[in-house]
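Q: Just dropping this structure here.
The values are calculated or read from the model by the stated rules, or taken from the named source; none is laboratory data. Owing to the predicted nature of the structure, the values given are computational and were not obtained by experimental measurement. Note: ideal-geometry Cβ built from the backbone for every residue, glycine included; neighbour counts use all protein chains shown.
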Amino acid sequence: MEPMAKPTFKGGFVFYLEEEVKVLVASDSKDLLQTISLFLRVRWPELSLIQATEVREGLDLIHREHPDIVMLQHGVPSVDCFDLITQIRSFADVPIIVLGQSDDVVDEVRALEMGADDWIARDCMPMEFISKVTAILRRCSPCSNDHAVSFLGGKLRINYAAHEVCVLGKPVRLTPIEYKLLYQLVKNGGSVVSQVNLLQSVWGPNYGADPEFLKKYIYRLRSKVEEDPADPKIILTERGVGYVIRASDLS
């Protein structure tokens, strides 16, 4: 089987590496972790597995480790998968798989409607499990979308596959935090992203009440992507609410 380029998150952007994949498993079962490891190492020998045994730990690990995919065990009291899906979807697009019983039809539908990408029965065959994970990683990768987005007639261009940002045709070096901020604004292009959502998406759930902290980083980002940071044309402020990249600026 040929190695597949897989998506990984760096600084909030998604691009491709050939060998390793990072999986966060929310479960209190060591046996389940071992089973997932045995299955996936057939496909990804450089697999990195992280375990969370409660909701808060899972959220902290997503912010800190940026896993490529999250797997939630259904029916674990310490890891309420529905609560975790809701909280993850409030700040991240990371692919989510729920591992449940094949006859939990009502819960399966509920999980998918809440934002899970797939429901996989825990007793499925190894090759089926691998193929489902592979399909989700491909579907959630930028290969299924445009690789680049341009703003303002091409003055600002972001190439997701190459992890590059250019202003007036020249590469711009952004810090990981600046990348994350830009990514969140682009992802929500046309909609105002509140200060709270930006803070929690980029820095984590404990930063939701510090707009002055965010303002400093927005200024730093503008100083790199705007022709005149004092008169921004790309990243606009909705006073008292948040920030936005207008949909009309996207091409």
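Q: What are the residues in region 215-248 that are assigned to a loop (DSSP other than H, G, I, E, B), closer than 17 Å to ILE158 by Cβ and β-branched (Val, Ile, Thr), if any?
A: ILE234, ILE235, ILE245
Q: Residues being closer than 17 Å to GLN87 by Cα, buried (at least 16 other Cβ atoms within 10 Å of the Cβ), modelled with pLDDT under 85 and not hydroxyl-bearing (Ser, Thr, Tyr): count how many of those fall in region 185-204.
A: Counting residues in region 185-204 that are closer than 17 Å to GLN87 by Cα, buried (at least 16 other Cβ atoms within 10 Å of the Cβ), modelled with pLDDT under 85 and not hydroxyl-bearing (Ser, Thr, Tyr) gives 3.
Q: On to the next question. Among the residues of region 17-54, what is the count of those that are in contact (Cβ under 8 Å) with a residue 40 or more places away in the chain and over 18 Å from CYS124 (Cα atoms)?
A: Within region 17-54, residues that are in contact (Cβ under 8 Å) with a residue 40 or more places away in the chain and over 18 Å from CYS124 (Cα atoms) number 6.
Conditions (1) assigned to a strand (DSSP E or B); (2) surrounded by 14 or more Cβ atoms within 10 Å (Cβ to Cβ); (3) within 17 Å of the chain's Cα centre (by Cα), marked per residue:
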| position | (1), (2), (3) |
| --- | --- |
| ASP28 | no, yes, no |
| LEU33 | no, yes, no |
| PHE39 | no, yes, no |
| TRP44 | no, yes, no |
| ARG56 | no, no, no |
| PRO67 | no, yes, yes |
| PHE82 | no, yes, no |
| ILE88 | no, yes, yes |
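Q: Something else now. Would a scan of region 95-103 turn up a residue that is surrounded by fewer than 18 Cβ atoms within 10 Å (Cβ to Cβ) and not acidic (Asp, Glu)? Before the answer, list the steps.
A: Going through region 95-103, the residues surrounded by fewer than 18 Cβ atoms within 10 Å (Cβ to Cβ) turn out to be 101-103.
Filter once more, keeping what is not acidic (Asp, Glu): 101-102.
Scanning region 95-103 turns up at least one residue that is surrounded by fewer than 18 Cβ atoms within 10 Å (Cβ to Cβ) and not acidic (Asp, Glu).
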